[in-house]
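**Q** This is the structure I want to talk about, given as structure tokens.
The values are calculated or read from the model by the stated rules, or taken from the named source; none is laboratory data. Every value quoted in this text rests on a predicted model; they were computed, and no experiment measured them. For neighbour counting, all protein chains shown are included, and Cβ atoms are generated from backbone atoms with ideal geometry for every residue, glycine included.
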Amino acid sequence: MSRAWRSLLAHMATTHGVTEASEIGKHTVNVALMYGTGGGGHRASAEAVKCLLQQKHAEWRIELHDASAIIGASFGDDLYNALLQSNLTSVMPVVYSVASSVHPYLAPAHRNAVKAYFKNIGVQPDIVVSMVPFSNRAFVEALPFAEHVTIMTDLTHSDAHPWIQHEKQFIVCGTEQAYKQAVALGMPETQLFRASGMVVHPKFYIQPAPSRAHALIESFGLQPGLQTVLVLFGAYPPSSVMKQICTILSDREQRLQHPHLPREALDMLGWTEPVNQIIVCGKNEQLKRQLEASVNQHNETGISRAHIVGFTSHIYDLMHVSDLVIGKPGPGVVSEALVCGKPVLLYAGHSAHYVMEQERTVLNMVCTRGFGRASHDVHELVSFSADEITGYHQNIMAERPNRAVYEATEVISSRLHAKATSPDSASIG
């Protein structure tokens, strides 16, 4: 065993298994965080882990790497994002079927691409932390001397998003179902960790003071005292659905025209009260321009009481000042909302195939555990009462807290500990 790793072990022994320093002797611990660019959730998870690791291990070399670009799969991610933005998620099963069919033939090329990439940048990772499906076998085979931790950013393993691919993976499972899937697929339980949920950035755990929340609402040009709705469909929101939701929310009287929502019921429940809207357009620049123009019209067809946002890294601020979230059943956004104690109303689309396979478990979890509800109809989706939202909030607060990002960083430290004590560690440092 090298002197560097003896020092690491000694330090870990005095900190109960958690390393605090990173440059040990002449060896700097190299952590490679792998993310994909299909949607925004994979990178968000990688950023969350990086943030906490940097706080705990300031001298470690912790870097994010775009796995999609490395293996030449950026086109597939671009197609995925375009389908999301065009509200064509019902086409996804075909895309995933093609990807699953060709993946075995591309696996050797992916492995070689990963190996060449790290050789070219002159880095030999001590640990590879993957937040992406599909590519984990390539990571393990290309970098056999590294530890490999896979943090699942989906609630389950699926054909659409295969996570469990190699016996050398150490897998952080955010749900009991994912844990059982891994066991059923032959993974030893010593290679699994049952986390308390999905990884969420530490800033979502920091609740702002009421005075700051009030100031933020005013700075957005919104009206304090009204319910605030965060409309958030990820990094590539569908224009048609977003515009429909925002228009209906702007004038809740429009819902009185819906045949299944009689005026008497709405009046009794207070559903005609106006609401504030925070609308996140992500990377859909055309949608942002259209909504901004509508807000500026200030007429009966325009959107009122709305704060329009493009792509932002401050979703936690927007979520903290909101009362509920309307969006799609993405595991990242839903997990962030639940950490903040915010109910979620999920759009389930116009057909049975609208919700992607990897998101169906999210929708089911929200509905069965009373964290919110889902609807195929936009008018029905945005018809909510204060009492309904309060009930969902109480259900969320009664749940076991999600501490997955803190647990995942402990797993990374423990795997480095395991690496240091393994027979192969003599070649490190």
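**Q** Scan the stretch 188-195 and tell me whether some residue there is hydroxyl-bearing (Ser, Thr, Tyr), surrounded by fewer than 23 Cβ atoms within 10 Å (Cβ to Cβ), outside the structural domain of Gly332 (by TED's automatic domain parsing) and touching a helix residue (DSSP H, G or I) at 6+ places or on another chain (Cβ under 6 Å).
**A** Taking every residue of the stretch 188-195 in turn, none turns out to be hydroxyl-bearing (Ser, Thr, Tyr), surrounded by fewer than 23 Cβ atoms within 10 Å (Cβ to Cβ), outside the structural domain of Gly332 (by TED's automatic domain parsing) and touching a helix residue (DSSP H, G or I) at 6+ places or on another chain (Cβ under 6 Å).
**Q** Against the definition (outside any helix (DSSP H, G or I) and assigned by TED's automatic domain parsing to the domain that holds Arg111), how does Pro224 come out, yes or no?
**A** No, not satisfied.
**Q** How many residues does the stretch 61-93 hold that are among the hydrophobic types (A, V, I, L, M, F, W, C), closer than 19 Å to Met131 by Cα and crowded, with 20+ Cβ neighbours inside 10 Å?
**A** Adding up the residues that qualify gives 5.
**Q** A further question follows. Among the residues of the stretch 168-180, which ones are in contact (Cβ under 8 Å) with a residue 12 or more places away in the chain and either part of a helix (DSSP H, G or I) or of a type outside the set (Ser, Thr, Tyr) (or both)?
**A** Lys168, Gln169, Phe170, Ile171, Val172, Cys173, Gly174, Glu176, Gln177, Ala178, Tyr179
**Q** Name, by its number, the condition in (1) at pLDDT below 95; (2) surrounded by fewer than 16 Cβ atoms within 10 Å (Cβ to Cβ) that does not hold for Ala160.
**A** (2)
**Q** Assess whether Glu141 counts as being under 23 Å from Val29 (Cα atoms) and either among the small types (Gly, Ala, Ser) or in the same structural domain as Ala48 (by TED's automatic domain parsing) (or both).
**A** The answer is yes for Glu141.
**Q** Let me ask another. Among Val132, Val183, Val229, Val149, which is touching a residue at least 12 places away in the same chain (Cβ under 8 Å), not in a loop (DSSP other than H, G, I, E, B) and not assigned by TED's automatic domain parsing to the domain that holds His307?
**A** Exactly one of Val132, Val183, Val229, Val149 is touching a residue at least 12 places away in the same chain (Cβ under 8 Å), not in a loop (DSSP other than H, G, I, E, B) and not assigned by TED's automatic domain parsing to the domain that holds His307, namely Val149.
**Q** Within the stretch 343-363, which residues are out of contact with any strand residue (DSSP E or B) (no Cβ under 8 Å at 6 or more places or on another chain) and more than 24 Å from Phe134 (Cα to Cα)?
**A** Answer for the stretch 343-363, where residues must be out of contact with any strand residue (DSSP E or B) (no Cβ under 8 Å at 6 or more places or on another chain) and more than 24 Å from Phe134 (Cα to Cα): Gly349, His350, Ser351, Ala352.
To keep it simple, each residue is scored yes or no on (1) in contact with a Phe, Trp or Tyr (Cβ under 8 Å, 6 or more places away or on another chain); (2) touching a residue at least 40 places away in the same chain (Cβ under 8 Å).
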| position | (1), (2) |
| --- | --- |
| Ala46 | yes, yes |
| Asp77 | no, yes |
| Leu84 | yes, yes |
| Val98 | no, no |
| Gly122 | no, no |
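**Q** Exactly one of (1) outside any strand (DSSP E or B); (2) crowded, with 16+ Cβ neighbours inside 10 Å; (3) of a type in the set (Ser, Thr, Tyr) is unmet by Ser101. Its number?
**A** That leaves (2) as the condition not met.
**Q** Say we look at the stretch 186-200 and pick out the residues that are polar (S, T, N, Q) and in contact (Cβ under 8 Å) with a residue 12 or more places away in the chain; which of these is nearest to Ala44 (Cα to Cα)?
**A** Looking at residues that are polar (S, T, N, Q) and in contact (Cβ under 8 Å) with a residue 12 or more places away in the chain, I get Ser196.
Every residue, every condition in (1) small (Gly, Ala, Ser); (2) surrounded by fewer than 20 Cβ atoms within 10 Å (Cβ to Cβ); (3) modelled with pLDDT of 95 or more, yes or no:
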| site | (1), (2), (3) |
| --- | --- |
| Arg360 | no, yes, no |
| Arg373 | no, yes, yes |
| His376 | no, yes, no |
| Leu381 | no, no, no |
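**Q** Inside the stretch 201-221, can you point out the residues that are part of a helix (DSSP H, G or I) and farther than 24 Å from Gly40 by Cα?
**A** Answer for the stretch 201-221, where residues must be part of a helix (DSSP H, G or I) and farther than 24 Å from Gly40 by Cα: Pro210, Ser211, Arg212, Ala213, His214, Ala215, Leu216, Ile217, Glu218, Ser219.
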